[in-house]
Each structure stands twice: as structure tokens, then as C-alpha cells.
1. Here are some pairs, LYS45/LYS100; LYS45/LYS80; LYS31/LYS101; which of them have Cα atoms lying more than 19 Å apart in this structure?
2. Computed over the Cα atoms of the range 29-90, what is the ratio Rg over Rh, Rh following Kirkwood?
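Rule-based calculations on the coordinates, nothing more; no lab input. All values reported here derive from a predicted model rather than from experimental measurement.
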Amino acid sequence: MNINRRTFIIHSLIGSTALATAGLSCAQTAKLAENDPQAAALGYKENATKVDKAKYPNYAADQSCAGCQLYQGPTTGAGKCAIFQGKLVASTGWCSAYAKKA
Ligand code: SF4
């Protein structure tokens, strides 16, 4: 393999990786909508205080995504949720899959 061909292949691989990473990054920054079918099925609300307490009696006022085991992210703003792959949930959100962090 000559230098030019090797250089071209290396640059192509770097470019492909960068594009794949950029695509993944965009997918991860999509905010989860409350009317997303899976979100609606789990009663997800961006603001936990808006949870339908009659429908979800297990909800408690001190619960939010920021305190859920399935949440990965900052305590303010938004982060990833193991249930809603590729979407960001609000740290102030809640859904019926809530599991208190240990
Ligand atoms: Fe929030 Fe936890 Fe429900 Fe994910 S599983 S949306 S982090 S409460």
C-alpha cells in the first residue's frame, strides 16, 4: 500500500467515525415528547408536578427523573433515560417506571 492510499483510507475512517458520532449526537439530543406513544403509555410528564396522581398513585412529590436509577445526566436540564433510548428526558420529569436511585 502506498502512502497516498493509506492516507486516504485513514482519513475516510476518521470521517466516517465523525459522521456516525455526529448522527448519534443529534439522535441523543432529541427531547422526549409527552405525546410520544411510549412516553404517553408510561404517563411521562416533563414537569413531575403535572403527573395524573389519580392514575399514578405511586407518584410522590419528591420523585423526578433526576432521582431515578434509570436517569443519566445533570440534576438540572435533561439527560438520558435507559427506557427512552435516543431521547432526552427532563430532570424534572417523571414516568411510571420511576425507580428511586440507591
Ligand atoms: Fe424519568 Fe426514570 Fe421514567 Fe426515565 S424511567 S422517564 S428517568 S422517571
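1. On the way: LYS45/LYS100 17 Å; LYS45/LYS80 15 Å; LYS31/LYS101 22 Å.
Checking Cα-Cα distances, LYS31/LYS101 exceed 19 Å.
2. Numbers: Rg = 11.1 Å, Rh = 11.9 Å.
Reported Rg/Rh (Cα atoms, Kirkwood Rh): 0.93.
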